[in-house]
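Asker: The structure's right below; bear with me while I get my questions together.
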Amino acid sequence: MSATLTPQDAPATERKHGNMPMNMVTSYNFYQVDPGFRHLPQPERQAALAEFNQVFQKHQDKLWIRSYSTFGLREDADFFFWNVSKEVELIQNFVTDLYRTTLGRYLKQTHTYLAVSKESEYTRDHEHPPANLRTEEAKYLFIYPFVKTRDWYILPFEDRMKMMKQHIDIGHEFPDVTINTSYSFGIDDQDFVVSFDGNSMEEFVRLVMKLRETEVSRYTERDNPMFVGLNKSLPDVLTSLGLD
């Protein structure tokens, strides 16, 4: 797995691994659109979509936001936002303003994952070669909440480090896949939220299959639900939902 240089418009902070800035609050907010919205007259729908996009653009000046379509890929989510900020209040204000819009009246938030990005204790001395760094945004984002067993945490660090090294080495076999790990201990129901940038579903499936064969996978308690998001601008996300 490669490391991705953080986009230029991301908040200034420590950057070392993955697409996500370090030492920040991050959330993934998933939404479903009530079918009733599609029954509104077309001019009302188009005005509502324009209003929704204006709110999105306004908050992009305050926090780092990416939009993804999951329409037709899961029954419990049509699209989601990946938010990164120094302050959780900025994320909350963004969601509040979305719900104040006309489209917001037809939205249901079906999943929300809250976490904090920080450097892993298993990669503090680990550097990706410059050839593995990339700046472009990938086509897909694969996301899942992750919980390890309690037995994992009582193992000696040296034993955990040995198993994680195998995990990391397998990741290096897939340089076009980027991992973004954030921590949820004490602030959400999972231990971590894990997301992967990539341009190939087949490659990601192969990666996950190989990771299932590692020793550390024995200590996985839960790693679902899993989401596949298509990276799109918000207007393109809304178009993909057939709302216009």
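The values are calculated or read from the model by the stated rules, or taken from the named source; none is laboratory data. As the structure is a prediction and not an experimental result, all values here were calculated from the model. Cβ placement follows ideal geometry from the backbone for every residue including glycine, while neighbour counts extend to all protein chains displayed. Ligands, DNA and RNA are excluded from the accessible area calculation, which covers all protein heavy atoms including side chains. Shrake-Rupley method; radii C 1.70, N 1.55, O 1.52, S 1.80 Å.
Asker: Would you check if Asn180 is outside any helix (DSSP H, G or I) and open to solvent by less than 30 Å² (accessible area, probe 1.4 Å)?
Answerer: Here the answer is yes, as Asn180 does meet what is asked.
Asker: Right, next: Can you say whether Lys148 is more than 16 Å from the chain's Cα centre (by Cα), at pLDDT 95 or above and not polar (S, T, N, Q), as far as the supplied structure shows?
Answerer: Spelling it out, Lys148 is indeed more than 16 Å from the chain's Cα centre (by Cα), at pLDDT 95 or above and not polar (S, T, N, Q).
Asker: Keeping to region 189-223, report how many residues are farther than 30 Å from Phe52 by Cα, of a type in the set (S, T, N, Q) and part of a loop (DSSP other than H, G, I, E, B).
Answerer: Total meeting the criteria: 3.
Asker: Can you name every residue in region 98-131 that is open to solvent by less than 30 Å² (accessible area, probe 1.4 Å) and either at pLDDT 95 or above or closer than 17 Å to Leu234 by Cα (or both)?
Answerer: Leu98, Thr101, Leu103, Gly104, Leu107, Tyr113, Ala115
Asker: Condition first: of a type outside the set (A, V, I, L, M, F, W, C), surrounded by 14 or more Cβ atoms within 10 Å (Cβ to Cβ) and over 17 Å from Gln109 (Cα atoms). Now tell me which residues in region 61-83 satisfy that.
Answerer: If the condition is that a residue be of a type outside the set (A, V, I, L, M, F, W, C), surrounded by 14 or more Cβ atoms within 10 Å (Cβ to Cβ) and over 17 Å from Gln109 (Cα atoms), then Lys62 is the only one that fits.
Asker: Which residue pairs have Cβ atoms under 7 Å apart, sit 6 or more places apart or on different chains, and have a first residue in region 186-207 that is over 18 Å from Asn231 (Cβ atoms) and open to solvent by 20 Å² or more (accessible area, probe 1.4 Å) and a second that is part of a loop (DSSP other than H, G, I, E, B) and at pLDDT 95 or above?
Answerer: Within 7 Å, the pairs are Asp191/Ser184; Asp191/Phe185; Phe192/Ser184.
Asker: Given (1) in contact with a helix residue (DSSP H, G or I) (Cβ under 7 Å, 6 or more places away or on another chain); (2) open to solvent by 70 Å² or more (accessible area, probe 1.4 Å); (3) closer than 28 Å to Asn29 by Cβ, where does Gln166 come up short, assuming only one miss?
Answerer: (3)
Asker: Go through (1) assigned to a loop (DSSP other than H, G, I, E, B); (2) touching a residue at least 40 places away in the same chain (Cβ under 8 Å); (3) acidic (Asp, Glu) and name the single condition Glu51 misses.
Answerer: With respect to (1) assigned to a loop (DSSP other than H, G, I, E, B); (2) touching a residue at least 40 places away in the same chain (Cβ under 8 Å); (3) acidic (Asp, Glu), Glu51 is out only on (1).
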